[in-house]
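Each reported figure results from applying straightforward, stated rules to the coordinates on display, with no laboratory input. As the structure is a prediction and not an experimental result, all values here were calculated from the model. Backbone-built Cβ (ideal geometry, glycine too); neighbour counts: all protein chains shown.
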Amino acid sequence: MLKIIVLWLLTIIPAFSSGLQKQSSSLVDSLRNELKFATSDTTKSHLLVSIGNQLSSSDSLIGSKTLQEALKYAIKSGDPYYIANVYTAIGRFNQFYNIIDRAKSFYKKAEILLTKDAANTRNQKLLLLIKQNYLSLRAKENPNEALKEALSLIPLAEKVGDQVTLGNIYNNIGVWFMNISAYEKAIDYFKKSVSVKLIEPRQYARFAYSFINLAACNYRRDRIDLMPPYLDEAKKNMLKANDRQEVWAWYYNYCGLYAYEKKQYKRAEKDLLNGLSIAKKENDALAQSNLLGTLVKINQATGNYPLALRYAEANYHLRLDAKNNYLGMLESIAEINGKLGRYREAYQAMRTYTVLSDSIQTSEKTSNLNEIAQKFEAADKERQILQLQHDNEVKSFALQKNGLYTGLLTAVSLLLLTLVILYFQFNRHHKKQLRQHKQLHQLEMEKIGQKNKISLLSAMLDGQESERTRIARDLHDGLGGFLSALKIELSGTFKTDVTDQLLATDTLNRIDYAVDELRFISQNLMPETLIKYGLGEAIKSYCARMRNKGVQLLCQLFHYSKDLSQDKELILYRIMQELVTNAIKHAQATTIFVQLLKSDNKVTLTIEDNGKGFDKSLLLKNRAGSGLTNIMSRIEYIDGELDIHSEPGNGTTFTIECIITS
């Protein structure tokens, strides 16, 4: 599936909710005419805020001066609401130009003024807008906390009847779920977003975004036929909106993707070129990258490699993100140059790809080392705190003893009572120490047992991999060399007789087949691609080899780039091999799907087939004889988790999750 990241929504939606939209000069002129006849300071402040909002996105200097003038009239009026309204506008202005600290400062000032009369509905609506704008800042820093806060704003928006903000909140929540591939929940919130009451014309653009997001969700979950109705609704709303032209670029992007999936390449190319023209005009680099990426695929599919190369190079020069854009485009450039016979350019592209990939890996290693150093420092500080606490406890105990001695000297009558108290304290302390020693001993024994178990499993796995490596090397160097020599000897014989030549050709073809089979077995025993390029490339290579052998094996990789250690990668690769083999041999599957996904600090490997399935309870009950023991042992060794979903006749899904920093 085409990889299209939707982070653009998290930047577009805050700008939309901030009200910094492209408007015609006639609106500004109309507001200025109203300003000429305004008499009260509050009216003047309100009109200047509206003018400043319209001008800020096109002329930052005039927009800033206009908002400062609005602040003077608001302060002169002494009305906290209008002062807070100007502070909010200035906060939006700074947020639009990415001056985050100033934006937060003005939002805070506005919030303090409004909370003094929080029961006022007008104040509540403005306060809700401030929280939503502030939330868009939090979404970049801590998406999970931002989601919780967004959900908490829904009842407030419903209470004050702010349909515009309510629709924006639903849309933002839908985007969050779409970014983590929770498409069903995302669709629910996008549908809620477009079901709110239409109050203002500026809602049309947001409605269009939500319908485009609905189409995107269905594209990502392979429900291609459900896309057209949502794209049609998006178009209707954009025609009504008559602003936010960058939305059209994303609309044409998904129209092109739909046509591409339907193999309507001419229609797809037309839509994508329309979208590309708009994206360039609006300086939307992310939209350009998505559109160019699909254009590359279309021209590869139609065999127009020179044009595909042009689009791939243009995408590469956008320079969006080294990990997601550079590497992918360099790989496409190398592949297309290879198709065109431009092997020197293909080599240069792959060389740049390798250097850049190594640079990214080095940066990630440095980041991991810094993280380890921070954890060590935190642990050391915690140890020092515990030591200080212990010293304080010792001093406190000494003070208690001194108090007891003083009591014994001054009050003989209390001697027996004091001795009883000391006895109970000592006894309780002694029992506590015994319990602690027992718990420590039990934990130590469990730790030793776990270490022994891990050591035995590690030795077994190391032994298996060493033996596989030796067998693979022997097959490649021994039998492989022998077959190659045999082919060379046969190539020089039977030069005259036609019958002999036909026999020799057939023999050579069989030797070639034997060499290919030998290479396939050797690669399965010890995948060289895994060692050089990591788990993601090894899985792609394995799937490609299996497809060459006639197996319908689909492969998807998301965000993964050698994030695990080589030992964990090798174990996950072996698990994938065994599960695919079981699906072919035992489940009689005709289609197998393999997906590798990295999300936050977790790597997820999914193997799904359409085989005959099985009763999960019976498998777990009799796993000792089913081969499941080997898989679960490997997963326990890497501190992973296994989830099995299967029903007789409905296929099987194995999901393995592994923590990266474990």
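If you average the C-alpha positions of the stretch 35-55 and of the stretch 219-278 separately, how far apart do those two centres end up, in angstrom?
Cα centroid of the stretch 35-55 versus Cα centroid of the stretch 219-278: 39 Å apart.
What are the ³J(HN,Hα) values, in whole Hz, obtained from phi via the Karplus relation 6.51 cos²θ - 1.76 cosθ + 1.60 with θ = phi - 60°, for each residue of the stretch 585-601 in sequence order, with x given for Gly and Pro?
Each residue's phi maps through the Karplus curve to give 7, 9, 8, 6, 6, 9, 9, 10, 10, 10, 10, 10, 10, 10, 9, 6, 9 Hz.
What ranking, highest mean first, results for peptides 32-40, 535-543, 298-306 when packing means the other Cβ atoms within 10 Å averaged over each residue?
535-543, 298-306, 32-40
Just to confirm a number: summing +1 for Lys and Arg and -1 for Asp and Glu over residues other than Leu340 whose beta-carbon lies under 13 angstrom from that of Leu340, what do you get?
Taking every Cβ under 13 Å from that of Leu340, the sum is +1.
Go through the stretch 101-113 residue by residue and turn each phi into a ³J(HN,Hα) via Karplus (6.51, -1.76, 1.60, θ = phi - 60°); whole Hz please, and just put x for glycine and proline.
4, 5, 4, 4, 4, 6, 4, 5, 4, 5, 5, 4, 5
Taking H as built 1.01 Å from N, whose amide H comes closer than 5 Å to the amide H of Leu557, not counting residues under 5 places away?
When sequence neighbours closer than 5 places are left aside, the close amide H contacts are Leu596.
Where Lys and Arg each count +1 and Asp and Glu each count -1, what net charge lies around Ala182 among other residues with Cβ under 13 Å from its Cβ?
Cβ neighbours under 13 Å give a net charge of +1.
Cross-chain or 8 or more residues apart, Cα under 18 Å: how many lysine pairs in the stretch 533-659 fit that? Count them up, please.
10
Taking a 25 Å limit on the Cα-Cα distance, which of the listed pairs Lys236/Lys281; Lys65/Lys108; Lys185/Lys280 fall beyond it?
Beyond 25 Å between Cα atoms: Lys185/Lys280.
Taking 2.2 N^0.38 Å as the expected size of a compact globular protein, what ratio does the Cα radius of gyration of the stretch 90-177 give against it, to two decimals?
1.05
Kirkwood Rh, the stretch 543-662, all Cα pairs: how many Å?
One over the average 1/r among Cα pairs gives 14.8 Å for the stretch 543-662.
Just order 87-94, 431-438 by mean Cβ neighbour count inside 10 Å, highest at the front, would you?
Final packing ranking: 87-94, 431-438.
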